[in-house]
Amino acid sequence: MTSLNQSAPSKPAIRSILVALMLAIFLGALDQTIVAVSMPAISAQFKDVSQLAWVISGYMVAMTVAVPIYGKLGDLYGRRRLMLFGMGLFTLASLFCGVAQNMEQLVLARIIQGIGAGGMISVSQAIIGDIVPPRERGRYQGYFSGMYALASVAGPVLGGFMTQYLSWRWVFWINLPLGLVSWWIASRTLVGLPIAQRTPIIDYLGTVLMIVGLTSLLLGITFIGQGHSWRSDQVLMLLGAAVFALLLFVWHEHRAREPLLPMHLFANRNAVLCWCTVFFTSFQAISLVVLMPLRYQSITGAGADSAALHLLPLAMGLPIGAYVAGRMTSVTGYYKPMILGGAALMPFAILGMAYSPSGAEFLSGAFMLLSGIASGMQFPTSLVGAQNSVAQRDIGVATSTTNLFRSLGGAVGVALMSALLLALLHDSLSTPVMGRPLLGEGSTGNVLLDGLNAVQGPALDNLRAELQITFRHLLSISAAFSLLGLGAALAMPNQVLRGREDKAT
């Protein structure tokens, strides 16, 4: 028998806890975006571009792999100590990032920082699952989605300001005071959280197999997104290792006494459909964040600063959708209508962006706002639905699995849509223009923009017209993929959320 030593905190206590958790979410999400604008300055100082992409990719891979491990350890040992550990590790790694003397040290410190961030993000959402009844979780998870949106906007702005007027190292040093304050608030407020009354048993083999499998899978996906062929020996080896390790992981988890990821959760139809929904929502949202600035820059010739502002409607739509969905879910007690509404809105919004003329910025921005609202309606409600579908003892694992599918959806979306873009562009842009090919083997979006900058006159106008059509085709394919998320939402049972008067099983 297992039980939870749990008493419902008062509303003032919940508000104090919420402040600590929102700070943690903001810091973890901020470091996904704040570094991007500092990359040229980092490469210029270290004179090394071969490992530059891993400053961001290493953080993302480490964070994704760490999420399910934190979820299980939080169920076994209590979430307060896991949260404090993640915050402390993140803050310490930020110091190491700021004092790095070469690219290897920076990438290693970013990987450690990602491990800390995985705990901050995953455990924060699991804590809400512990202290707030399912019927009221929607609005709290909506606050977290707002933190993600705020970080996506604030990251490039803060990063650009500090890199321009201070140093790229301040992009990491800013985490030190914020991290220490967050740690202090969390240590004082996260007292009395539920602790499982059972003897902890660590699934060491399962942990190793999951780390190997997920790391290999994410590295393979990342290489594809960076322009490598999926048929290259390096990618095939990574994907093969991922399949082998994950198959062994599933076999082992069926037999483990205290599995890292209980396989019985995948027999829970509603939880699985919630994970499918969040996967395809993240697939669309993250790939749009990457592709829309590239589309805008290549078609209009705008700079990176204007492209970042072009994303504002998408970032603004996320908290709007999350807030509305959270409030409606709390009032009605049902989460499926919000998920279904967002899933139905998504293909319409993407097609609207696809067929908006290049000069119609207001129209394109309106459809981007709608796509943000559609994503916001699905992210928090899918998490609440997954938490509501499992027993209280599995809240941490269900939460971390939701975050895992969210991260995988983003990684697969960026890799697949980037690969499709390169394939669509290859025939037209591999033809030499003004004596040079704009896109060759292994090229990326930055190479495309550099090539366009070298073309002038009527040739440039013709190329931009071709790019408009190419991106229209790409976004139409993206809209078709979003129908898979709509299918998962339609198949989802319309369950009522447990309220304060209901006991978690």
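Throughout, read-outs are computed from the coordinates displayed, never taken from laboratory work. Please read all numbers here as calculations on a predicted model, not as lab measurements. In this analysis, Cβ positions are derived from the backbone assuming ideal geometry, glycine residues included, and neighbour counts consider all displayed protein chains.
For the pair R15 and F266, how long in nm is the line joining their label points, each one 7 Å along Cα→Cβ?
So the label points at R15 and F266 sit 4.4 nm apart.
What nm value, rounded to one decimal, do you get for the distance between R255 and T300 when each label is placed 7 Å out toward the C-beta?
5.9
Could you compute the FRET efficiency for L483 and V208, with r as their C-beta to C-beta distance and R0 at 45 Å, rounded to 0.05?
0.75
³J(HN,Hα) across segment 93-104 via Karplus (A = 6.51, B = -1.76, C = 1.60, θ = phi - 60°), whole Hz, x for Gly/Pro?
5, 4, 4, 4, 4, x, 9, 4, 9, 7, 5, 4
Which of R79, R15, R231 has the fewest other C-beta atoms within 10 Å, and how do the rest follow up to the most?
R231, R15, R79
Taking loop as defined by DSSP and a crowding limit of 10 other beta carbons within 10 Å, which trypsin sites (Lys or Arg not before Pro) in segment 253-305 fit?
Those satisfying the criteria are R255, R257.
Calculate the spin-label point distance for Y77 paired with L312, positioning each point 7 Å from the Cα along the beta-carbon direction, and give it in nanometres.
4.4
Would you mind ranking S16, S122, S38 so that the residue whose beta carbon has the fewest other beta carbons within 10 Å leads the list?
S16, S38, S122
Calculated FRET efficiency, K47 and N494, Cβ-Cβ r, R0 60 Å, to nearest 0.05?
Plugging the Cβ-Cβ distance into 1/(1 + (r/R0)^6) gives 0.55.
Going by amide H atoms built from the backbone, whose H comes under 5 Å of the H on G78, apart from near neighbours?
A196
Nearest 0.05, what FRET efficiency do E104 and Y355 give at R0 = 35 Å with Cβ-Cβ as r?
E(calc), rounded to 0.05, equals 0.15.
When a footprinting reagent is the concern and you count Cβ atoms within 10 Å, what order do C276, C97 take, fewest first?
Taking fewest neighbouring Cβ atoms as first place, the list is C276, C97.
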